[in-house]
Each structure stands twice: as C-alpha cells, then as structure tokens.
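Bear in mind that the values in this text are calculations on the coordinates, not laboratory data. Keep in mind the model is a prediction, meaning the values are calculated, not measured. Cβ placement follows ideal geometry from the backbone for every residue including glycine, while neighbour counts extend to all protein chains displayed.
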Amino acid sequence: MSLAQDLKKFSQLKYHYIHNRFRSPLYTYLLWEGLVRHHNQDVSFDYQLNNMINLKNDLAVGKKEWDILVQAIEQELKNDFQLFNDLLKQSQQKNQQLLDQIMILQQKTNAENLAKFFQLTYEFGAFNIFTLLLEKNFEQQLFTIIKKSFHKDQEKILLALTTPQKPSIIQQQELDLFRLALIKNKTEQQEEIEKHLEQYAWLKDTSMTGDYYTAAEIQEQLQKIQDPEAQIADYQAKIKEQKNDFEKYYQKLNKQEQKLVEILLESIFFRSWRTERFYYNAFLLTEVYQKLAVNLGLDKYQDIFYLIPPEILSLLSATEKADQEIISQRKKGYVMLADEENTRIYSGSAVEKFLAQVKVTETSVNNQSLKGSVAYQGKAQGPVCLVESKEDFSKITAGCILVTKSTTPDYVPYLKMVRGIITDEGGITSHAAIISRELHIPCLIGTKNATQILKSGQIIELNTDQGEIIVKV
C-alpha cells in the first residue's frame, strides 16, 4: 500500500489500545510478523491478529479483529481446558529450537542461518498474544468465585491468589545482588559481577536496542545496598508471608477452582517469560549482530536494531550497505503497520502525518481525582516523579511517588527508591502490579490518565486501602 492508502485505512479504524512502549523496529517486526500471519503450523486454530499499528510507541490493534480473536480463543479454551498448558509446552519447545539456531548462528554467521532464526522467531510469535487475550477472562472467573466463596476482603484475596509463586527473573537478580554485596574481597566481587552480567545484563534492555547493564552500573547498585544480610532476611520473610497468604485462600477452593488459579498463575509467569525471550535471545546474539553491523557498514552495532528483517537479509544478499539516514530518522520515531498484506514501516515526515490523522486512544480527563485498581495495598505521601520514558529515570528520587504509563523490568532498580506507584495502564497481572507486590510498594494501576493530570513535584497522597481508590491532588 502507498502512504496515502495507509493513512486513509488506518485513520478510519476503531482500535483496541494495548500500551505505550518504545521498542526497536527489529523487535516490533519480529513480534508482529509472528502475530499477523500463521507461521506456526503446530497451532491448529487461527491465532492471527490484523490491522496492528505502532504509532510512535502507542501500540494498538483493530478493535473488531481483537474482539473476534478473544471470542475465538475463549471458545477454544471451553472446548479444551488443557489448551493453555499445551501452548505453554509448545512455546518452550519452540524457544529451545531458537536457542539451538542461535548456537548455529554463532558458529556460522550468514544470511541463510539468520533467515532461519527470524522464521523460528515468527513461529514463536504464535504464543505471544494468548496471555493478553485470556488473562482478563481468567481474572473475571476467579473474582466471581471469590465473591461467592468469601464474604470480606475480596480484593485482598484476589491479589493474594494472583501473586506469582514462582520466583521471577527480577527476584533472582535481586537476590544475586544481595549476595554480591556480601562479598568483601574486591577482586572476588568483580569476578562475581562478571558472572552476574552473563546472567542478567540483558534485563536492562526492554526495548531491544543493545543497551545492557555494565559492571559500573552493577557496582553503583551494590553501593546503594545497606545491610544485605538484613535485606535477604526481609526478602525471605516477605516471600514466606505471600506464600502463606496464598495457601490460606487456595486451600479453601475446590479442585476445579484451584486449577483456574494455577492456570492464571502460569499465564502471569508466561507473560513476562515470553517477552524476556526476545531480549535474552538478542543478548546471546550480540557478537552475531556486531559482525553483521560491520558487513552492513553501520556506524555502530546497535544501529542494526533499527532495521527490519527483510531489509537486513536483502542487504546481506546484495552485499550492500545500510542507509544510515533512515536509521537516524527511525531513532526519532517510526510508525509500523501490519495487516494481511505485510508488515511495513514509516519514518521521517510520514510519522507526523500519521500522528495528525490516526487516533488509537480515547482519554477522558477528570482533573478532580484519579481512580484505578489496587495492585498492592497501603498508603504513601510524597512528591510526584513523572516518568514518560527511560530517559526520565534520573528524575526518580528517594521517597517520591512514581507516576508513569507502565513499568518494565528496567524500572526495578529505581522502584526500590519510591514510596508508591501509579500507572495509566495495566491490570492486576501487569508488570507494575506484580513487581509492586514483590517489593511491597503501594500501587494503583489502570488510572488511564494519571500522567496527564499529575505533574512532577506535586505533593500527593496515595491511599489504596479503601474500597474506592482516589489520589488526592
């Protein structure tokens, strides 16, 4: 399609808004191509989405297409309750194939092996949308059960039963940092930091741009850890408390209700795991991408993340150099579209035209109060730290209340400093909801417009203990 045709088509659609995230063009293409076409023949039913748009970091999909797919997946689940577990197993098998292909690429970097890696990634994409489609349905079913089985503290019970029981990669890294802080010998600590980076450096790069933790950044985090032994003990006590709360309510459910809880918890864990595969696999391919960047004549290797797979393969096959000007434009912002025709990208002046003509969100602003859902109960008061992107992380100060559209794993080192969290987006299974429970930080999610109303420096009171959740400005 031409630019004019795409502007006309996508400006006329109604959208299901998903979230605001900066993700590199390479990441977005790899994810989307796996969602809009049926690459994975092991999945027997139609899982494709259509009319997807990344409007300079705002991600949305055609509402009609979204609703149809939600209904189709829910029907599949009714027909086969084991379906979700089967999909989880298939995703793990496909990820192992990806890891095997990465080893092949590391041994022999060429266009043919890279194309196979891209194709396997598209096939893995079949599993990326299921949690978003199903979690809301699972949550509603569980809350209905809770309201029928428990007469009070219903929201508290819902939070307890949806708090992951498996340790997340974030929790594992946190414990490893405490362990590193206990090491007094500097030489030994530096050696352990290098091992830590091999396991966790990629956690910083939630945009897939090749920006990983360095030894200096880990050292900086370690310097902020006071009394690591006490923090380990506190962490273990919190985990024990969460497990006790979970078991107390879980044991009161019947077998079928327990099965629903187990599937929902698997879904929550899988939500993070599936996206982490993209970041981790890119980290494993660092040397491969460095070699390819040289062949493509890129200014620096991270520029490869601003190209899309067909461009990379075409340039490699023709032994041509990449257009650095296009990469520079995409760094300022891009629009990506995906439909039954193909997945395509625009940058430069086209971005402003899309922003002017295509609206993917509808926000009604109430400047008196903000309402949302409780992710973790508690009270907090302090100045607002408004964070719109990772470039604003320096604004986060000790004792503030973080206000942001949503959180991702690279927020975690800064979350330890804040008294409260407020997000525009997310449900009780979102990253902000889960991490706030892991770190025991009062958290309000899904306000829709907190980032539009609240300003950095404002003193606000966050109270999530009451039935109606209001942030008083």
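Pairs of alpha-carbon atoms within less than 8 angstrom and 6+ residues apart define the contacts here; what relative contact order does segment 169-241 have, in percent?
Relative contact order for segment 169-241 comes out at 36 percent.
Figure the gain on full extension for Asp86 and Gln41 (residue separation times 0.36 nm, minus the Cα-Cα span) and round it to one decimal in nm.
Additional length available on full extension: 14.8 nm.
Could you please state, rounded to a whole Å, how far the C-alpha centre of segment 132-177 is from the C-alpha centre of segment 323-362?
Using only Cα atoms to place each centre, the spacing works out to 37 Å.
Express in % the proportion of alpha carbon pairs of segment 20-132 at distances exceeding 21 Å.
Percent of Cα pairs beyond 21 Å in segment 20-132: 43.
Report, largest value first, the span of the C-alpha coordinates of segment 369-472 along each principal axis, in whole Å.
Computed over segment 369-472, the largest-to-smallest principal extents equal 34, 26, 21 Å.
Could you pull out every Cys in the chain that lacks a partner Cys with its beta carbon under 4.7 Å away?
Unpaired cysteines in the chain: Cys443.
In 5 Å bins starting at 0, how do the alpha-carbon pair distances of segment 111-250 split up by percent?
Calculated P(r), rounded to whole percents: 2, 8, 12, 12, 13, 13, 13, 12, 9, 5, 2, 0, 0.
For Glu247 and Phe393, FRET efficiency with R0 = 41 Å and r from the beta-carbon atoms, rounded to 0.05?
Efficiency computed from Cβ-Cβ geometry: 0.65.
Can you put Thr275, Thr187 in order of Cβ neighbours within 10 angstrom, beginning with the fewest?
Fewest to most other Cβ atoms nearby, the residues stand as Thr187, Thr275.
Only helical DSSP H runs with n ≥ 4 go in: add -39500 (n - 2.57) per run for the chain, normalise by residue count and round the 222 nm mean residue ellipticity to 500 deg cm²/dmol.
Taken over the chain, the calculation gives -17000 deg cm²/dmol.
Sort 293-302, 168-177 by packing, meaning the average of other beta carbons within 10 Å per residue, with the highest value first. All intermediate terms of the calculation are to be shown ahead of the outcome.
Values: 293-302: 16.1, 168-177: 18.3.
Ranked from most to least packed, the peptides come out as 168-177, 293-302.
Could you give the distance between the Cα centres of segment 257-273 and segment 19-45, to the whole Å?
Each part's Cα centre sits 22 Å from the other's.
Along the positive direction of the dipole of segment 90-208 (beta-carbon charges: Lys, Arg +1; Asp, Glu -1; about the Cα centre), which of Ile145, Ala126, Gln165 reaches farthest?
Ile145
Listed highest first by mean packing, meaning other Cβ atoms within 10 Å per residue, what order do 125-135, 395-405 come in?
125-135, 395-405
Dipole magnitude of the chain about its Cα centre, charges +1 at Lys/Arg Cβ and -1 at Asp/Glu Cβ only, in debye to the nearest 20? Could the numbers behind the result be given before it?
Working: 56 positive and 61 negative charges, 219 e Å.
I would put it at about 1060 debye.
Less than 15 Å from a label point 7 Å out along the Cα-to-Cβ axis of Ile232: which backbone N atoms in segment 164-186 qualify, by residue?
Output list for this probe position: 172-185.
Based on the Cα coordinates of segment 169-241, what is the per residue volume of their convex hull in Å³?
Enclosed volume per residue, from the Cα hull, is 92 Å³.
How do Leu203, Leu13 rank when sorted from fewest to most other Cβ atoms within 10 Å of their own Cβ?
So the ranking, lowest neighbour count to highest, is Leu13, Leu203.
Tell me, in nm to one decimal, what length is gained between Lys321 and Lys148 on full extension, where the rule is 0.36 nm per residue of separation less the Cα-Cα distance?
Stretched out fully, the Lys321 to Lys148 stretch lengthens by 55.9 nm.
Under 25 °C and 0.890 mPa s, how fast does the chain diffuse according to Stokes-Einstein, given a Kirkwood radius computed over C-alpha pairs? Answer in µm²/s, whole number. Could the numbers behind the result be given before it?
Numbers: Rh = 23.8 Å.
Here the translational diffusion coefficient equals 103 µm²/s.
How high is the relative contact order of segment 369-472? Use alpha-carbon pairs under 8 Å, at least six apart in sequence, and give a whole percent.
Contact order relative to length: 40 percent.
Would you kindly compute the Cα radius of gyration of segment 218-310 and its largest Cα-Cα separation (Dmax), both in Å?
22.0, 63
Pull up the cross-link candidates among the aspartates and glutamates for Lys9, meaning alpha carbon to alpha carbon under 15 Å and not fewer than 8 places away within one chain.
Partners found: Glu65, Asp339, Glu340, Glu341.
Which whole-number percentage describes the relative contact order of the chain, with Cα contacts under 8 Å and a sequence gap of 6 or more?
Working: 727 pairs, mean separation 86.7, N = 473.
With pairs under 8 Å counted, the relative contact order is 18 percent.
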